[in-house]
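What follows draws every value from the coordinates through simple rules; no lab data is involved. Note that the structure is a prediction, hence the values are computed from the model and not measured. Heads up, the Cβs are rebuilt from the backbone with ideal geometry, glycines too, and the neighbour counts pull from every protein chain shown.
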């Protein structure tokens, strides 16, 4: 069996170390590189050729979904597995549209991660049961309302806006969000205003209620 060459992209060292620890004894899986940002990833891709990139959605400078789009366009032979704490339907469907062949939540156990890697390496797709359930429920809900699953309404949020909404709902202020995401406070303020306009909401309390109702955060 061919060795599956893996590249890890996550801005948290502890996450990358944890994945490497899980995979270190696997004979047919080898981690050949890692990066904490899109810049490091694309710089290293000049010299190495991974089979699968395990990619987080929340990254500095460029979201994982934007990275996936670039990978799909410029490195079509590289397959993408999203591994994220975000299980909102928008993140899932936008990841698929960007070219991801699989999607797993970050609490995935080792055996399922290995299954996903082997399935994707073999040319198939893999989604954890929880992710598949979300996709199924979303499809049914939109089908019942006569909506195309691929249509994005004007009022829907972008991945970056959803990410900022999550931070707002978790109680972080603009400065804290800016520091976490490596963006300016003004950029956070702009995103916050766009979110409120799109959702027709008027206060932070309304944003928190929306995030809870749509399972962007959990109590």
I need the shape label for the chain. Rule: rounded when a/c is under 1.5, else prolate if a/b > b/c, else oblate, with a, b, c from the alpha carbon gyration tensor. prolate
Can you put 172, 16, 213 in order, fewest other beta carbons within 10 Å first? 213, 172, 16
Crossing angle, helix 64-74 versus the chain [Cα axis fit, 0-90 degrees, rounded to tens]: 50 degrees
What is the range 25-125's relative contact order, in percent, from Cα pairs under 8 angstrom and six or more apart in sequence? 24 percent
Can you give me the relative contact order of the chain as a percent, contacts being Cα pairs under 8 Å and 6 or more apart? 15 percent
Output row, site residue 61, 7 Å Cα→C-beta label point, backbone N cut-off 15 Å, window the range 1-30, residues 9-12
Between the helical axis of 13-23 and the dominant principal axis of the chain, each derived from Cα atoms, what acute angle in degrees is found, rounded to the nearest 10? 40 degrees
Extension reserve of the residue 115-residue 175 stretch, reckoned as 0.36 nm per residue once the Cα distance is removed: 17.6 nm
Calculated FRET efficiency for the pair residue 97/residue 138, C-beta based, R₀ 22 Å, to 0.05: 0.95
Could you work out how much longer the chain between residue 14 and residue 107 gets when fully extended? Use 0.36 nm per residue separation minus the Cα distance between them, nm to one decimal. 32.1 nm
Pairwise label distance in nanometres, residue 3 with residue 49, each label 7 Å out on the Cα-Cβ vector: 1.5 nm
Is the range 169-219 rounded, prolate or oblate when judged by the Cα gyration tensor, a ≥ b ≥ c being the square roots of its eigenvalues, rounded requiring a/c under 1.5 and prolate requiring a/b larger than b/c? oblate
Residue 129-residue 203 pseudo-label distance in nm [points 7 Å out on the Cα-to-Cβ vector]: 4.2 nm
Round to the nearest 10 and give me the degree value, 0 to 90, for the angle of helix 204-213's Cα axis relative to the longest principal axis of the chain. 50 degrees
